[in-house]
Amino acid sequence: MSHNIQHYSYPENCDRAKVKAEIDHFVAMEDYQEGCTGLYRPIRWIETTICGDYEEAIKTIVKLDRGDYDNVAVRYYNSLPYSDAKTKELQTKKDIAYAKYREAENVVYPKTVKAAYITCKVCGSKLSRTRLAGNNCPLCKNSLCPDSFKEKVDAAKNRFTKASENLRKYVKSKAQKEVLWLVKFEYHT
């Protein structure tokens, strides 16, 4: 026996009676062994607000939930995919920035040094660079990389983050939005 929570999305102009009938049927089929014929409570359709996105709708439902097998429906904006030449250009820039970031992050610093030994700044151990497989001291686990190396990796990460944000903002500004109902319902099996 378990407590179940489901979330389904429906168009804004859906027939509420059909939605209830569909969910009642689903719950009855899931819980047929217990003799269930549908939802325990009616669906509360909250008309007063439209949430910005799916995640916000989930948070709103959590706030509105009474905790007694409450069934709640709220509206939210669902962004439709958008694509044009600028989107493709920004996606390409993001992909290139990501590749450079991964490349910088995967460099094993000791392999780039010409000296035979590397000294750990923290524990003072002298380590053979040919035996090191990573960027951390095998004894004290602290980084063997100089600050300039870390700055290069951070700069590559920042370029990737900025490219991702630019793409996200552009697509969000151009995307068309549709309004959907998010219906949360609970049942026991």
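Each reported figure results from applying straightforward, stated rules to the coordinates on display, with no laboratory input. As the structure is a computational prediction, the values presented were derived from the model and not from experiment. Please note: Cβ atoms are built from the backbone with ideal geometry, for glycine as well, and neighbour counts cover all protein chains shown.
Once a ≥ b ≥ c are taken as the square roots of the eigenvalues of the Cα gyration tensor of the range 85-189, is the result rounded (a/c under 1.5), prolate (a/b larger than b/c) or oblate (a/b not larger than b/c)?
Because a/c hits 1.5 or more and a/b fails to exceed b/c, the range 85-189 counts as oblate.
Which order do peptides 109-116, 23-30, 70-77 fall in by mean Cβ count within 10 Å, highest first? Before the final figure, lay out each step's value.
Working: 109-116: 12.1, 23-30: 16.0, 70-77: 21.5.
Highest mean packing first, the order is 70-77, 23-30, 109-116.
Give the aspartates and glutamates whose C-alpha is closer than 16 Å to that of K150, dropping any in the same chain fewer than 8 places away, or say none.
Excluding near neighbours in sequence, the set is E103, E105.
Given the chain reduced to its alpha-carbon atoms as identical point scatterers, what log10 I(q)/I(0) does the Debye formula return at q = 0.08, 0.11 Å⁻¹?
Evaluating at q = 0.08, 0.11 Å⁻¹ gives log10 I(q)/I(0) of -0.56, -0.74.
Using +1 at the C-beta of Lys and Arg and -1 at the C-beta of Asp and Glu, which of F185, A163, C123 has the Cα lying farthest in the positive direction of the dipole of the chain?
Of the options given, the answer is C123.
Using +1 at the Cβ of each Lys and Arg and -1 at the Cβ of each Asp and Glu in the chain, identify which of I23, I61, S143 lies farthest towards the dipole's positive end.
Of the options given, the answer is S143.
If the only charges are +1 at each Lys and Arg Cβ and -1 at each Asp and Glu Cβ, what is the size of the charge dipole of the range 1-92 around the Cα centre, to the nearest 20 debye?
Charge dipole, the range 1-92, about its Cα centre: 220 debye, nearest 20.
Relative contact order for the range 1-142 using alpha-carbon pairs under 8 Å, separation at least 6, rounded to a whole percent?
13
What distance in nm separates the simple spin-label points at R16 and M29, each placed 7 Å from Cα in the Cβ direction?
Result for the modelled spin labels: 2.5 nm.
Which entries in K100/K141; K59/K169; K88/K169; K63/K172; K86/K169 show an alpha-carbon gap greater than 20 Å?
K100/K141; K59/K169; K63/K172
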